[in-house]
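Participant: Before I ask anything, let me first share the structure, which is written out below as structure tokens.
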Amino acid sequence: MKNTKQALQGFALAASLALPLGAFAAGEAPPRGMQRGGPEMSPPDGGFESLPEEQGGMKGPGFPPPGGSHRGPGPRGEPPFLHGLQLSEVQQDKVFAILHAQAPYLREQAKAHEKAARALHDMRLADKYDDAAAARQAQAAAQAMANMQLQRVRTDQKLLSLLTPEQRKQIEERGTARPPRP
């Protein structure tokens, strides 16, 4: 009896995992955040694209912008301006080396920002408030963010220097073809 019960539990677990994965693989999975939605979560016309964001529409960080592709980092972590460019193997290796070299510094700065922001957050409800200490933490958080942004600009310039004139022209053409943001 015990073995039968364990076998049935294992089967139920496997089935509960296989069904959503099968639907996802077939491209029939519901949008993120809608997996548990009941009738109240379903739009009247069956499409989530037309719903406002607060009702589960496909807007926000997990979804591409309307009428365009996703603008985040690519599969290898490269910046969006490299998306769609046909890089040679040598260029790909150099891009990887540049991005890999910057990672420790960006991580260090992200940790510094997190530490300062957390300390500043903790000061909000502290029994004794020290304005000078809060200002130092705010400055440290801002400096870490500025350092990360500056490093990204430097990295983008290094990556642009690897590109051929034709590849740079493709990037410029994409920039002018992009519709203005609302």
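Read-outs throughout are calculated quantities, based only on the coordinates presented, and are distinct from any laboratory measurement. Remember, predicted model here, so these are calculated numbers, not experimental data. Methodologically, a virtual Cβ is constructed for each residue, glycine included, from the backbone with ideal geometry; neighbour enumeration extends over all protein chains shown.
Participant: Take the range 113-129 and flag every residue that is assigned to a helix (DSSP H, G or I) and of a type in the set (D, E, K, R).
Facilitator: GLU114, LYS115, ARG118, ASP122
Participant: Are any of the residues in the range 133-140 under 30 Å from GLY175 (Cβ atoms) and surrounded by 16 or more Cβ atoms within 10 Å (Cβ to Cβ)?
Facilitator: Our first condition is that a residue be under 30 Å from GLY175 (Cβ atoms); within the range 133-140, this holds for none.
The answer is no; no qualifying residue exists.
Participant: While we're on this one: Of the residues ALA141, ALA132, only one is in a helix (DSSP H, G or I) and over 24 Å from the mean Cα position of the chain (by Cα); which?
Facilitator: The unique qualifying residue is ALA132.
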